[in-house]
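Remarks on the structure that follows.
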Amino acid sequence: MKLKLPDDNFINLTHENYSKIEGDELNEKLQKLFIVFNDDKNKYDVLIKVAALNKIYSTAITNINPVVDQISKTSRENYKLEKIEDFINYVDKISRIEWKNEKDENFRRNNLSFASKYVHFLSNKKIPIYDSYIWIVIKGYLGQKNKSKIVFSNPKNYLEFYDTFCEFKEAFKLGNYSNYQIDKFLWFYGRTLIKDIEKELSTDLEKAKNELKKRIKASL
């Protein structure tokens, strides 16, 4: 499967379809939530935002308390969020969490996708969201353009994702688009491709993702 060239016409068409089906209203409401409850040292401000994102985006975090604690703790360290690099590093600071259950069993999890969503709104949409749809499409585009082997393994941290995002942006000369505009384009295009495969093969989401990866690799 050869991915469609991300030129102005295709990006604009994808944005139009995004507006018809998804729209920006929900994201604007979430942005207002982050403006109103803006004290991340206060665990209740954080709790409201974490709960909202977890529910709306179905990020499958079954225990949000360690997530809330990690964000509040990091904020109390007076970590400055001024430059784009600050927000990038902040994602990795809050993504890895550890906790114990009632049986004193230890658990660890890297909530990279969720943390990127949280900091996406914290940065007023300056940094892109890490998402499996976006990652598949980015890696596919770069592999096809460079005619190189495509490895879809997840990024080890947000910095790796952001660097790859910027590489894609530069490779296709998309500097006139904001990170948010590119983020929406990649997500919706990836979502469309995967849903089409789900329907075509009558299969589930994960199998459709794997099939998309196979088809992209086969195009080289």
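The values are calculated or read from the model by the stated rules, or taken from the named source; none is laboratory data. Owing to the predicted nature of the structure, the values given are computational and were not obtained by experimental measurement. In this analysis, Cβ positions are derived from the backbone assuming ideal geometry, glycine residues included, and neighbour counts consider all displayed protein chains.
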Anything in the range 102-141 that is small (Gly, Ala, Ser) and over 20 Å from residue 177 (Cβ atoms)? List them, or say none. 113, 115, 132
Determine, yes or no, whether residue 126 is at pLDDT 95 or above, among the charged types (D, E, K, R), crowded, with 21+ Cβ neighbours inside 10 Å and closer than 28 Å to residue 64 by Cα. no
Of all residues in the range 193-212, count the ones that are exposed (fewer than 15 other Cβ atoms within 10 Å of the Cβ) and under 15 Å from residue 18 (Cα atoms). 1
Selected residue (only one of 161, 172 is farther than 16 Å from residue 8 by Cβ, surrounded by 17 or more Cβ atoms within 10 Å (Cβ to Cβ) and of a type outside the set (Ser, Thr, Tyr)): 161
Scope the range 175-192; condition surrounded by fewer than 19 Cβ atoms within 10 Å (Cβ to Cβ) and part of a helix (DSSP H, G or I); matching residues: 180, 181, 191, 192
Just the residues that are more than 19 Å from the chain's Cα centre (by Cα) and either assigned to a loop (DSSP other than H, G, I, E, B) or of a type in the set (D, E, K, R) (or both), please, taken from the range 21-46. 32, 37, 38, 39, 40, 41, 42, 43, 45
Give the residue, chosen from 14, 59, that is crowded, with 16+ Cβ neighbours inside 10 Å, modelled with pLDDT under 90 and not aliphatic (A, V, I, L, M). 59
Quick check on this structure: which one of 134, 97, 71 is farther than 26 Å from residue 172 by Cβ, surrounded by 19 or more Cβ atoms within 10 Å (Cβ to Cβ) and in contact with a Pro (Cβ under 9 Å, 6 or more places away or on another chain)? 97
Hits in the range 47-56 - residues which are under 17 Å from the mean Cα position of the chain (by Cα) and buried (at least 16 other Cβ atoms within 10 Å of the Cβ): 49, 50, 52, 53, 54
Considering only the range 28-43, I want to know if a residue exists there that is touching a residue at least 24 places away in the same chain (Cβ under 8 Å), within 30 Å of residue 173 (Cα to Cα), surrounded by fewer than 19 Cβ atoms within 10 Å (Cβ to Cβ) and not hydrophobic (A, V, I, L, M, F, W, C). yes
